[in-house]
Every structure is written in C-alpha cells, then in structure tokens.
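Okay, structure first, notes after.
The values are calculated or read from the model by the stated rules, or taken from the named source; none is laboratory data. Being a predicted model, the structure only gives us computed values, none of them experimental. Counting neighbours? That spans all protein chains shown, and the Cβs are built from the backbone with ideal geometry, glycine included.
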Amino acid sequence: MTEDDRVAQIEAVLPRRWDVDALRAGASVCVTLAVPFRILAAVVGSDSGGLNALFFVLFVTFFVIGAGCAAWVQRTATPLSHALVTAIGTYLVVEVAFVVVRLARGTDIPWFAIFFTLSVISAAGLVGGFLGSRLQASGFVPSSRR
C-alpha cells in the first residue's frame, strides 16, 4: 500500500470539515450586498438616526442572505456551522478594516457597538443557517449540483 492510498483512505474516513467554496460564496454575498450599507451608515454619521436604522436593518438582512447562501451551498452536512463561520468571519474582517481606518484617522472606536453588532450578526448567521438548511431539506439544490 503506497502512501497515496493511505491518504485516500484517511480522507474517505474523515471528510473535509469545511466547504471552502460555500464559505467563499456566502462571504462574497455578504461583502457585495451588506458592506455598502455599512459604508453608507459611516458616511451619513449619527445625524440621521432613522436612515442609520434602515441601513443597519439592510446590513443585517444581507448577512442573513449571505449566511443562508453558505448554508445552502455547502456539501458537508453542516449548514449552521457554515452559516455562522461565514457571518461572523466576514463581519470581523470588515470591521477590522473599519477599525484600522478609524485608528488612522485618530477617531474613537465604538467597541460596545462593534460587539453588539457582532451578537446581532451571529443571530443573523443562525437564521441564515436555518433558512439554508430548510432549502436543502426541501430539495432545492444549487444549479452547480444539477
């Protein structure tokens, strides 16, 4: 038995935990659809509370959609894990970029708001995971698997 055969047997027994393509698809949906509303909220500032609330709701909604996309597309039978990793990971990467910009500009960093939004995004990831899981369970499959 060659080493390649042993590696093939190990991979057959222990399938990959993460479907990187699904994580990438979900993160791209989050970045493409949600982040513009985060940028708009930063540009508008705290002067318009109603407009910022609308931007926040849209931001969270698109994280639900992105996490749901990752949960729906994944092929490892772990939709909730994929949804949560997509939502939380994407949010943290985006928020780190905003913190770096604030540090460079010398403005205050709203740590409480960042951690509060992280908890909301985690809940959005969970909702997206349930929605993606329901899509899979009801027989809807991505076009790449038809």
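Going by the conditions given, is THR76 in a helix (DSSP H, G or I) and either surrounded by 13 or more Cβ atoms within 10 Å (Cβ to Cβ) or of a type in the set (Lys, Arg) (or both)? Steps first, answer last, please.
Working: in a helix (DSSP H, G or I): no; either surrounded by 13 or more Cβ atoms within 10 Å (Cβ to Cβ) or of a type in the set (Lys, Arg) (or both): yes.
Here the answer is no, as THR76 does not meet what is asked.
Answer with yes or no whether THR2 is out of contact with any helix residue (DSSP H, G or I) (no Cβ under 6 Å at 6 or more places or on another chain) and either modelled with pLDDT of 75 or more or within 16 Å of GLY125 (Cβ to Cβ) (or both).
no
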**Message:** Just the residues that are under 18 Å from the mean Cα position of the chain (by Cα), of a type in the set (S, T, N, Q) and within 13 Å of ALA42 (Cβ to Cβ), please, taken from region 104-119.
**Reply:** THR117
**Message:** Need the failing condition index for ASN52 against (1) in contact (Cβ under 8 Å) with a residue 60 or more places away in the chain; (2) crowded, with 17+ Cβ neighbours inside 10 Å, just the number.
**Reply:** (1)
**Message:** Checking the structure you have, find out if any residue of region 90-101 is in contact (Cβ under 8 Å) with a residue 40 or more places away in the chain, under 17 Å from TRP18 (Cα atoms) and not in a helix (DSSP H, G or I).
**Reply:** no
**Fill in**
Considering residues that are of a type in the set (Ser, Thr, Tyr), surrounded by fewer than 17 Cβ atoms within 10 Å (Cβ to Cβ) and at pLDDT below 95, the number found within region 94-146 is 4
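Can we say VAL44 is at pLDDT 90 or above, part of a helix (DSSP H, G or I), over 13 Å from the mean Cα position of the chain (by Cα) and among the aliphatic types (A, V, I, L, M)? So that I can check it myself, show each step before the final result.
Numbers: at pLDDT 90 or above: no; part of a helix (DSSP H, G or I): yes; over 13 Å from the mean Cα position of the chain (by Cα): yes; among the aliphatic types (A, V, I, L, M): yes.
In short, no.
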